[in-house]
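The values are calculated or read from the model by the stated rules, or taken from the named source; none is laboratory data. Remember, predicted model here, so these are calculated numbers, not experimental data. Please note: Cβ atoms are built from the backbone with ideal geometry, for glycine as well, and neighbour counts cover all protein chains shown.
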Amino acid sequence: MRTLFGLPLAAVLGVIGMAIASASSVFFGVSGLPTLLALLMIGAGVGAGTGAGVMMLRIDAVPPWPLLLLSGLVLMLLSAGGGWVGFQIGDQISAIEDAKCVGVCGYLFRPRTYIVLGATLAANVIALAFNIVYEGRSNRGTSTNPRINPATSGARGAQRR
């Protein structure tokens, strides 16, 4: 269920990250296309990684902060890589659409959309894998200890207080 909510959150934050990257490229005067594309992929990766990481975070058992920080950084870095893969796939799809189009025709998606889609999918798949590994290592689902101790609950527990 968290993955279903993580997809739109990661996509929205990925678009916001790309908007911030676009604004900073205009502000700092980036003139090269490779630098602009790298900024867009990093912005989408940071946004999508943050969105997927926040949705996969469990409130009842938060991991220690070094593990949380490391997994967040890895998630953002790999989702930026997913943005690069999405751009490469989008470039191939755009080339196919150009070959089929004789006149002026619109694209199904723009290259920026493929960057966000790649970053979003990569971030959510990686966050889901992190969560599955963390669940398996901590064995939280197999606890046999009840939360309420029967020896101290009820009338005997009230008498001890």
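Couple of notes before you dig in:
- Counting the residues of region 59-79 that are surrounded by 12 or more Cβ atoms within 10 Å (Cβ to Cβ), free of Cβ contacts under 8 Å to residues at least 24 places away in the same chain and either of a type outside the set (A, V, I, L, M) or touching a Cys at 6+ places or on another chain (Cβ under 6 Å) (or both) gives 1.
- Looking only at region 42-65, and only at residues there that are outside any helix (DSSP H, G or I) and not basic (Lys, Arg), the one that is farthest from residue 79 (Cα to Cα): 60
- Qualifying residues in region 1-29 (those that are modelled with pLDDT under 90, closer than 18 Å to residue 126 by Cα and not hydroxyl-bearing (Ser, Thr, Tyr)) - the one surrounded by the fewest Cβ atoms within 10 Å (Cβ to Cβ): 1
- Residue 112 being surrounded by 11 or more Cβ atoms within 10 Å (Cβ to Cβ) and at pLDDT below 80: no
- Residue ID - surrounded by the fewest Cβ atoms within 10 Å (Cβ to Cβ), chosen from residues in region 30-41 that are part of a helix (DSSP H, G or I) and aliphatic (A, V, I, L, M): 33
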